[in-house]
Amino acid sequence: MRAGDSESSYLPPASDSAWSPLPRGWVPPPSTAPPGTGHRDPAPERPAGSGTAPGHEARPIPGQRPAPAPGNGTTTGPRPAAPATGTPDSHPAWTPVSPVSHPDFSASAGPDPALSWSAPLVPGGAPGATRPVVSFAEPEGFGEPVRQGMGARQRAVVAAACVVLGLGLIGGAVTGSWLVGGSADAAERTSYATAGGLWHNVPVDDLFPRTVDGQGAGPGGADRTWTRIGVAPDGDCADALDPLLRTALAPVGCRRLLRATYTDATQSYVTTVGLLFTTADATAMRALDARFTKEGLAKRDDLMPRPYAVKGTVAAGFGAKQRASWTISVLTDAPVVVYTVSGWADGRAVDTPQPAAEATASGATTAPGQAGLGHEAQGLADRVERGLRRTAASPPPEQSR
């Protein structure tokens, strides 16, 4: 449309084939008319007063305002001929386009505005004037049944993945248990070996403290305090143990025997504590402990340890006849047998000694039980054994005795 033309709906003349708008920038082919004649192909005749050919009624074109009504100073007749200026209007003839190559256009009526995105979607429009239906890719049908073949393959893949994952978790757990078990075993072996060398690697005061605090170790939970009055020279088990007790301990051997004698705060009782370092490994120590527990060897009075009498002290008269109560404990986390034996400090003899486990029981009526000698033996043995384990866990710098 040129400037100055009225805004009206204009369609090219009707013919047997559809007409298409010329593209922007279209250049017409050279005219075949003689130069200077001003020749134009005559437009086909139209019925008078119709304005358009039959079957080519004017329709609104999308994006244009409707043509003004007659009587507003605008004509609805045929467009006047435009001068030949080299524009598309000066082309000598319209070029028909085959409807086969443009299926979107009607062969008789031109393009259908109803197929435009801006076509009105309201009642009363052109018949069949609806927006085109656009189909996009179909979404996944989550609610639709899964094909049997695909589902079977998926289930097989998932099952295989679960099996592999399960085997991996089990293997990781087993490997972790092996690693933890190996670390625990190594630490146990190290602690066991360290404890076996304490008899010559630590000071005697670390094994037999000068003062031992026994809170709640006495009868009825009374507190006890023991003071060391003498330490025996370290040596073998030949003269320190009765023959029958040496026989019972023979499976684990005797590397070194350390002994010390204590007295209570009132100096009424004396107690000897011994640490027998063996040559056995952990397996042999566990076997010996199981035998002592099963056969009750720690309660037999013919297996009582011997005391250490310290000359010039209250324990000077502490001998075999003065033994009143005792304990024997076979350790399994260290190659050590801990034992204690207690008696009166005045040197009185005891006719019926009693093991500490029985003398500390409620309602004990024996002399060792009534006097609390069982608590003396048991309490001191427990404290020395705890100190041994603490020293083995964090031993001081090595030094020879």
When segment 263-301 is checked residue by residue, the ones that are surrounded by fewer than 20 Cβ atoms within 10 Å (Cβ to Cβ), in contact (Cβ under 8 Å) with a residue 24 or more places away in the chain and closer than 20 Å to Arg210 by Cβ are Ala265, Gln267, Ser268
If we keep only residues of segment 224-242 that are closer than 21 Å to Ala357 by Cβ and in contact with an Asp or Glu (Cβ under 9 Å, 6 or more places away or on another chain), then the residue surrounded by the fewest Cβ atoms within 10 Å (Cβ to Cβ) is Asp242
Inspect segment 248-259 for any residue being in a helix (DSSP H, G or I), farther than 26 Å from Leu373 by Cβ and touching a helix residue (DSSP H, G or I) at 6+ places or on another chain (Cβ under 9 Å) and give the result as yes or no. yes
Scanning segment 243-262 residue by residue, those hydrophobic (A, V, I, L, M, F, W, C) and surrounded by 14 or more Cβ atoms within 10 Å (Cβ to Cβ) turn out to be Leu245, Ala248, Leu249, Val252, Cys254, Leu257, Leu258, Ala260
When every residue in segment 335-356 that is buried (at least 16 other Cβ atoms within 10 Å of the Cβ) and in contact with a Lys or Arg (Cβ under 7 Å, 6 or more places away or on another chain) is compared, the one farthest from Leu276 (Cα to Cα) is Val350
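Yes/no matrix, rows are residues, columns are (1) closer than 28 Å to Pro203 by Cα; (2) aromatic (Phe, Trp, Tyr); (3) at pLDDT 95 or above; (4) not in a loop (DSSP other than H, G, I, E, B):
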residue	(1), (2), (3), (4)
Val270	yes, no, yes, yes
Leu275	yes, no, yes, yes
Ala287	no, no, yes, yes
Phe292	no, yes, yes, yes
Asp333	yes, no, no, no
Flag if Gly369 is buried (at least 22 other Cβ atoms within 10 Å of the Cβ), in contact with a strand residue (DSSP E or B) (Cβ under 6 Å, 6 or more places away or on another chain), at negative phi and assigned to a helix (DSSP H, G or I): no
When restricted to Thr279, Thr266, Thr283, the only residue over 17 Å from Ser329 (Cβ atoms), over 55 Å from the mean Cα position of the chain (by Cα) and not basic (Lys, Arg) is Thr266
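The values are calculated or read from the model by the stated rules, or taken from the named source; none is laboratory data. Just so it is clear, the structure is predicted and the values come from calculations on it, not from any experiment. Positions of Cβ are backbone-derived with ideal geometry, glycine not excepted, and every protein chain shown enters the neighbour counts.
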